[in-house]
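Novice: Here it is: the structure, laid out below.
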Amino acid sequence: MSEPALPPLGIRQRGPAPTETRLLLIRHAESTANAEGVAGGVKGDRGLTALGRRQAIALAQRLVVTNELSNAVALYASPLPRAHETALILRSAAPHLALRTHADIDELRVGDGDGLTWAEFDQRFGGVDWDVDPSLPNAPGGESLLEFFTRSTTALRAIAGQHPGELVAVVCHGGVIEQMVKYALDLDPARRLGQRIEHCSLTEVEYGPARTRLLRYNDLSGAYAP
């Protein structure tokens with residue numbers, strides 16, 4: 001759709017209305033692994049805390065009021081319990097959506113460090129410094145930053161490719177969201193952004209043949225306040 005009220009291209013500062021696939025990336029609610037400082041892979045992730053469940057319920061209530069998922073065509077979740085449990089709660093705001101699991105939108109894989117506290121993780125594996133070498137795995141059997149970037153952004157782009165021009169909700173992880181933000185902004189995959197991505201926040205990326213861009217970031221409107 002053309003927007004004749006926009007300034008000419010040569011001086012325009014804002015983009016046109018979205019026409020490509022919109023990925024609504026939702027960070028999971030607070031997990032037990034988050035609260036206890038544990039590397040939360042398959043073993044370390046023990047689902048949501050009581051606070052996390054309240055956060056997810058508050059977001060679901062917001063989504064009912066705002067009707068933001070009314071036009072969504074799909075709901076995907078990471079297979080890790082904290083994301084899957086969050087998605088089940090959020091589905092109450094969009095019961096027309098079937099919940100699909102996608103294995104490659106899970107958080108940074110920590111290999112042999114799964115289930116260790118971060119202090120134990122650092123003591124056992126020596127603390128990889130990705131500012132020095134982002135190609136190093138974080139632990140035996142774990143991922144490097146560059147591997148994580150490639151895996152997660154490839155998975156999200158594949159999801160978008162299955163739903164051209166539509167709205168897709170994806171319940172995933174802060175690390176996954178950070179990688180896709182870097183992709184959308186055409187930043188160096190080796191860069192670590194350092195911004196906060198809060199529990200149950202919404203980040204939206206438009207992705208498709210015509211353009212890729214960040215539409216919103218870390219949206220916490222209506223967030224639960226403990």
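Read-outs: derived from the displayed coordinates by stated rules, not from any lab. Nothing here was measured: the structure is a model prediction, and the numbers come from that model. Virtual Cβ from ideal backbone geometry, glycine too; neighbours counted across all protein chains shown.
Novice: Mind pulling the angle between the C-alpha long axis of helix 145-161 and the longest principal axis of the chain? Nearest 10 degrees, somewhere in 0 to 90.
Specialist: Here the helix axis deviates by roughly 40 degrees.
Novice: Additional query: Please report the antiparallel percentage of DSSP beta bridges with both residues in the chain, rounded to the nearest 5.
Specialist: Values: 14 of 28 bridges.
DSSP beta bridges in the chain are roughly 50 percent antiparallel.
Novice: With each run of n ≥ 4 DSSP H residues scored as -39500 (n - 2.57), what mean residue ellipticity at 222 nm is computed for the chain after dividing by its residue count and rounding to the nearest 500 deg cm²/dmol?
Specialist: Working: 6 runs with 68 residues, N = 226.
Mean residue ellipticity at 222 nm (helix-derived): -9000 deg cm²/dmol.
Novice: Hey, another quick one. Dividing the convex hull volume of the alpha carbon atoms of the chain by its residue count, what do you get in Å³ per residue?
Specialist: 132 Å³
Novice: Count charges around W118 for me, please; just the other residues with Cβ under 13 Å from its Cβ, Lys/Arg as +1, Asp/Glu as -1. Could you put the intermediate results ahead of the total?
Specialist: Details: positive: R124; negative: E36, D114, E120, D122.
So the surrounding residues net to -3.
Novice: Also, I was wondering about something else. How far is helix 50-66 tilted off the main Cα axis of the chain, in degrees rounded to 10, range 0 to 90?
Specialist: Helix 50-66 sits roughly 10 degrees off the main axis of the chain.
Novice: Output the relative contact order of the chain, whole-number percent, from Cα pairs under 8 angstrom with separation of 6+ residues. Let's see the in-between values first.
Specialist: Details: 439 pairs, mean separation 65.8, N = 226.
Answer for the chain is 29 percent.
Novice: Toward the positive end of the charge dipole of the chain, about the Cα centre and with charges on Cβ (Lys, Arg +1; Asp, Glu -1), which of S152, A77, L193 goes farthest?
Specialist: A77
Novice: Right, something else. Report, by chain and number, residues whose modeled amide H sits under 5 Å from the one on T101, excluding near sequence neighbours (fewer than 5 apart, same chain).
Specialist: A77
Novice: Would you grab the residues whose amide H sits under 5 Å from the one on G41? Only those 5+ places off in sequence or on another chain, please, with H modelled 1.01 Å from N.
Specialist: Residues meeting the criterion, in which the H sits 1.01 Å from N, are G115.
Novice: Applying 1/(1 + (r/R0)^6) with R0 = 41 Å to the Cβ-Cβ distance of W130 and A5, what FRET efficiency is obtained, to the nearest 0.05?
Specialist: On the way: r = 45 Å, r/R0 = 1.09.
Calculated transfer efficiency: 0.35.
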